[in-house]
1. For the chain, find the longest principal axis of its Cα atoms and tell me its angle to the long axis of helix 298-326, 0 to 90°, nearest 10.
2. Heavy-atom accessible area per residue, the chain, 1.4 Å probe: how many Å²?
3. So how strong a dipole does the range 3-138 carry about its Cα centre when Lys and Arg Cβ are +1 and Asp and Glu Cβ are -1, to the nearest 20 debye?
4. Let me have the relative contact order for the range 140-251, percent, based on Cα pairs under 8 Å that are six or more residues apart.
5. Once Lys and Arg get +1 and Asp and Glu get -1 on their Cβ, which of 126, 58, 23 lies farthest toward the positive end of the dipole of the range 3-138?
6. If amide hydrogens are placed 1.01 Å from N in the peptide plane, which non-local residues have theirs closer than 5 Å to the one on residue 249?
7. Where the only charges are on Cβ atoms (+1 Lys, Arg; -1 Asp, Glu), what is the dipole of the chain about its Cα centre, to the nearest 20 debye?
8. For the range 256-395, what % of the accessible area comes from carbon and sulfur atoms, probe 1.4 Å?
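The values are calculated or read from the model by the stated rules, or taken from the named source; none is laboratory data. Computed from a predicted structure; not experimentally measured. Cβ atoms come from the backbone with ideal geometry, glycine included; neighbour counts cover every protein chain shown. Accessible surface areas use protein heavy atoms only, side chains included; no ligands, DNA or RNA. Shrake-Rupley method; radii C 1.70, N 1.55, O 1.52, S 1.80 Å.
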Amino acid sequence: MSDARTTQSEASASMALAALCDLHHPVKVEMAEWATAKLVDPDLDERDTACRFWPEGWELAAGQGVQGTMIARAHGGSGNDVVTALLQFEGLGYGCADAGLVFALSTQVWTMQPLIAQFGTESQQQRYLPRLADGSIKGAFCITETDSGSDTFAMTTTFTRTDDDGFVLNGHKAYVTMAPEADVFLVFATSDPKLGQWGVTTFVVDAALDGIAIGPNRPKMGLRTTPFADVTFDNVELGPDSVLGSVGSGAAVFSTAMEAERAFVLAAQIGAMERQLDEAVAYSRTRRQFGQPIADFQAVSHRLADMKLRHDNSRLQLYRAAALFALGRPSMEAAALAKIQASEAAVASSVDAILTHGARGYVSEFGVERDLRNVAGGIVYGGTSDVQRNIVARMLGQRRPGRDT
Ligand SMILES: Cc1cc2nc3c(=O)[nH]c(=O)nc-3n(C[C@H](O)[C@H](O)[C@H](O)COP(=O)(O)OP(=O)(O)OC[C@H]3O[C@@H](n4cnc5c(N)ncnc54)[C@H](O)[C@@H]3O)c2cc1C
């Protein structure tokens, strides 16, 4: 590592420590205040029911520099480091009630953009990064298939080479976040399914190409305002410059995408857990039963303490993974632990928030139940909790269970 790069990494790692110790870090607070004031949509309940995206919210976020936060200045972004971006996403998660919009933004910043920035050729970077930075285009990441989920490299989407060094893509990808809105796809395909991870290549694919069909928006339990669909590739012709990285390097591209980013995607959810706790504390002080605030019942106050414990543990794990990542040290185990902790903690605390609010927690009009529906996806996307535990077990020297990634 060059001296300049070392200094930058160390600065970012010490910022992770500052972030960890300071729940009210100014970067986070600034974003939370902005999102609380500006990312407010009176039609959220109606859109949540109808599974409708919020384009105006996307544009507001772009105006605030959210999409471009980590993209290099040379490509039109702000060039922020990973810890600054995590703090911003924590703030967004705290302040924006539309978790679907925040998830859509998270997938751009933590999945799409880093891969193009790290593996893209100069021409691919110039073509996509400035427009991803200003929010004028959106991307989607296509790896899962109907029969290939955790077993990622069992994929059957194939590519063949053409005589003029191009490629032809055929196959079907499932559960693709942002597919109905996307202008560009990152698609993982194999030259031969029998080759497993060794056959896989990543392609940057313009969504407007002939042969691409995007399925209907699939309604889901939570994150309903994030569009989500299957994508079919039927003899899609790609030029030689559509390979991301090199032919056959898809497994390496995928593990880079998954090393730490699978945990970073949850930063916003950790911010939402803090907002959820603040709301539960406030409610427990005003709601009275048996002539006293329910906060005075030990059962209730201990539940609030458990929510605080889960939130703080999740932050600890997240910024530890971020510090290791910033220092260029192995972060896969720390990220897997952070993902398990943050995703499962959010589910447990969402149940506790419902219980604390009683029937008001369960009926839709107060928005408390929406948190549980939104966070449940976190134990599945980016590798299920079981798959994360497999990673941790493998790091402990346990036999590799199955062919999980
Ligand atoms: C909200 C959301 C957004 C998503 N966005 C995208 C996206 O943008 N792009 C994309 O490509 N995909 C996306 N996905 C798909 C996601 O990556 C997969 O759902 C996930 O990898 C799990 O695959 P699966 O659903 O096929 O479940 P399966 O792999 O069939 O798993 C079913 C069960 O078996 C368990 N299991 C499987 N293998 C093992 C093993 N080796 N050891 C222990 N347990 C195991 C799992 O933990 C789970 O409990 C998204 C999913 C969700 C819910």
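1. Taking the Cα atoms of the chain, the angle to 298-326 is about 30 degrees.
2. Per residue, the chain has an accessible area of 43 Å².
3. Dipole size: approximately 480 debye.
4. Relative contact order for the range 140-251 comes out at 31 percent.
5. Farthest towards the positive pole: 126.
6. The list, which skips near neighbours in sequence, is 202.
7. That gives the chain a dipole magnitude of about 1240 debye.
8. 57 percent
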